[in-house]
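Working notes, beginning with the structure itself.
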Amino acid sequence: MRQAFLLPLLASAALVAQAPEAKASAEIKVGTGIEKMELQGEAASFKVAAGTKLYAWTKVTGAADSTITVAFAKGERTTKLELKVPRSPYRTNAYRTFRKGDEGAWTVKVLAADGAELGSAAFSVEIE
């Protein structure tokens with residue numbers, strides 16, 4: 001009787017062990033600062049002084065023991081930063097300093113090591 005009860009449990013455990021790992025993804029937000037690993041001043045539009053840093057906060061899931069790239073882009077202009085992801089989920093951030101001439105529509109993307117897009121956020125910048 002015991003064997004009949006254990007067989008379905010063992011079969012279920014084998015299926016769980018063979019289940020594919022969840023697809024990697026990234027939640028991403030843009031703001032004016034980071035405090036205790038949380039984004040501050042989140043917005044989709046910023047009016048800032050020249051020399052101000054804007055931060056891309058991200059929570060990456062399903063990409064443990066890999067690297068990601070955070071890319072700020074406006075047209076052909078791109079600023080990239082490669083970051084390590086030691087576990088999943090993992091919160092991290094990157095920033096870009098905005099100067100005169102950086103006004104306009106921007107996109108920040110989180111890319112996997114193979115270049116696949118894990119998440120993105122659009123924002124605009126106006127320099128005072």
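Derivation of every value follows stated rules applied to the coordinates shown; laboratory data play no part. Values in this document were obtained by computation on a predicted structure and should not be read as measured data. Counting neighbours? That spans all protein chains shown, and the Cβs are built from the backbone with ideal geometry, glycine included.
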Open item on the list: Can you tell me the convex hull volume per residue for the stretch 13-128, based on C-alpha atoms, in Å³ to the nearest whole number?
Closed with: 105 Å³
- [ ] Sticking with the crude label model, points 7 Å out along Cα→Cβ, report the distance from E35 to T69 in nm, one decimal please.
- [x] 3.4 nm
Open item on the list: Largest first and in whole Å, what are the equivalent-ellipsoid semi-axes of the stretch 49-104 based on the Cα gyration tensor, each being the root of 5 times an eigenvalue?
Closed with: 26, 11, 8
- [ ] Can you tell me the dipole magnitude for the stretch 63-128 around its Cα centre, using point charges on the Cβ only (Lys, Arg +1; Asp, Glu -1), in Debye to the nearest 20?
- [x] 180 debye
TODO: Determine by what factor the alpha-carbon radius of gyration of the stretch 78-128 differs from 2.2 N^0.38 Å, reporting the quotient.
DONE: 1.34
Task: Cross-link partners of K23 among aspartates and glutamates (Cα-Cα below 19 Å; sequence separation of 8 or more within a chain) - done: D65, D114, E117
Task: Extended-chain gain in nm, criterion 0.36 nm per residue less alpha-carbon gap, E42 and K80 - done: 11.6 nm
